[in-house]
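All remarks here apply to the structure that follows.
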Amino acid sequence: MSMMSRRAAIKGLTAVAAGMGSGLFSQSAAVAAPGVLPETLNHTRTFGVGVRSVPVTSTVPTHLSVSGSAGRLRTRTAKGWGPWEPLSGCAGGDRQGQYDAAALVAMPSDTVEYQLDLPESARVSEMNVVNGRAIGTLSSPGGRVLIGSAERDCNYYSRKAWGADENLRFRENGEERYPLAYFPVQTITVHHSAMKASADVMADIRAIYYDHTITLDYGDIGYHLLIDSSGNVYEGRYSGVDPTPVFGGPTANDRPQMANGAHVGGFNAGNVGICVLGDFTSTVPTPQARRSLVLVLSALTEVCGLDPKGRTNYINPISGSTKSVDTISGHRDWLATECPGNAFYPFLAEIREEIARSR
């Protein structure tokens, strides 16, 4: 099947008869019904240095993405102005060894105005991942997650279950924005989303997906797996037509190969990315999230033959770049970033020990 016909087929599968107008933040748009996938609405603009006030005159953006992940943001609702909050993000990407930084913020549902305080010019993407016209339906989550041949007791949401609009992965000419490529797993990197979670986790994931795929041009969501505060596990980056996440393509030396991601710029090939949803600068993940992270990491190390307490002399099979890191590492072990958060990062050593003891 050609790329163009594949894109058309996807549209045919996801289209529904009764959709609403798709104009940007249309006043006639309504919140999508349960089980329905809404189209993501987006408006991007550029702001200069200083404080800028932006009144909300139509359907409020559910999320903002601010390039550079610097500066401050506050929002005004019917209760008045909230406090200034610093903008922070998890830098990913992999375009010729470069990585991008952007802060993603979930907006209060009754926002009427927001203010940005920027030290430099920034591109701001205003997204609404709830109010667009219906373009498909969601599937039900699974009861357990299957990672390669290892099954773990975590409630699992496939891309179809959380609402990945697969059309976004393709350009208008039908080409994949980031063609699939597979590599043997060498290491695993833990991230946090650096975004305070909203009440709608799947909306947060759809916002991350759109931001990574379109705004930041990663071609897809950068992470392979995501975990929420209830311990639910979500399929991240597309890995092929098989029903399991992370892996695809032929095996190599009796081990599965992972789909190349976009979560650590310059060091993605052979590096599985797991994102725990939340901002863990001053707090730590919930016990439920921590439990699922341990289970997922144990499955990955088991299937890929990795030592959870070992170190890896990583070699990028594409560029030849090298790095010596813990086999289960944090994002900050690779690049100058605070990810996965100052409060959470020290617990990775304890998690490695726990996984090793359970084997």
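The values are calculated or read from the model by the stated rules, or taken from the named source; none is laboratory data. Keep in mind that what you see is a predicted model, and the values were worked out from it rather than measured. Cβ atoms come from the backbone with ideal geometry, glycine included; neighbour counts cover every protein chain shown. With ligands, DNA and RNA removed, areas are computed over all heavy atoms of the protein, side chains included. Shrake-Rupley method; radii C 1.70, N 1.55, O 1.52, S 1.80 Å.
Mind checking the angle between helix 287-304 and the chain's longest principal axis? C-alpha axes, 0 to 90 degrees, to the nearest 10. Between helix and principal axis, roughly 50 degrees. Computed packing ranks the peptides 250-260, 266-276 as 266-276, 250-260, most packed first, by mean other Cβ atoms within 10 Å. For the chain, which whole-number percentage of the solvent-accessible area (1.4 Å probe, protein heavy atoms only) is attributable to carbon and sulfur atoms? Result for the chain: 52 percent of the exposed heavy-atom area is carbon or sulfur.
When you count the other C-beta atoms within 10 angstrom of each residue and take the mean per peptide, 128-138, 163-173, 197-207, 80-90 line up highest first as 128-138, 197-207, 163-173, 80-90. The residues neighbouring Asn128, those whose beta-carbon lies less than 11 Å from its own, together hold a net charge of -1 under the Lys/Arg +1, Asp/Glu -1 convention.
Take every pair of alpha-carbon atoms less than 8 Å apart whose residues are at least six positions apart; their mean separation over the length of the chain yields a relative contact order of 18 percent. Projected onto planes of every orientation and averaged, the convex hull of the alpha-carbon atoms in the chain covers 17.7 nm².
Its Cα centre serving as origin, the chain has a Cβ charge dipole (Lys and Arg +1, Asp and Glu -1) of approximately 140 debye. Based on DSSP H segments of at least four residues, each scored -39500 (n - 2.57), the chain has a per-residue ellipticity at 222 nm of -4500 deg cm²/dmol.
Taking every lysine pair in the chain that is 8 or more places apart or spans two chains, those with Cα atoms closer than 27 Å amount to 4.
Charge dipole of region 102-237 (Cα centre as origin; +1 on each Lys and Arg Cβ, -1 on each Asp and Glu Cβ, all else neutral): 420 debye, rounded to the nearest 20.
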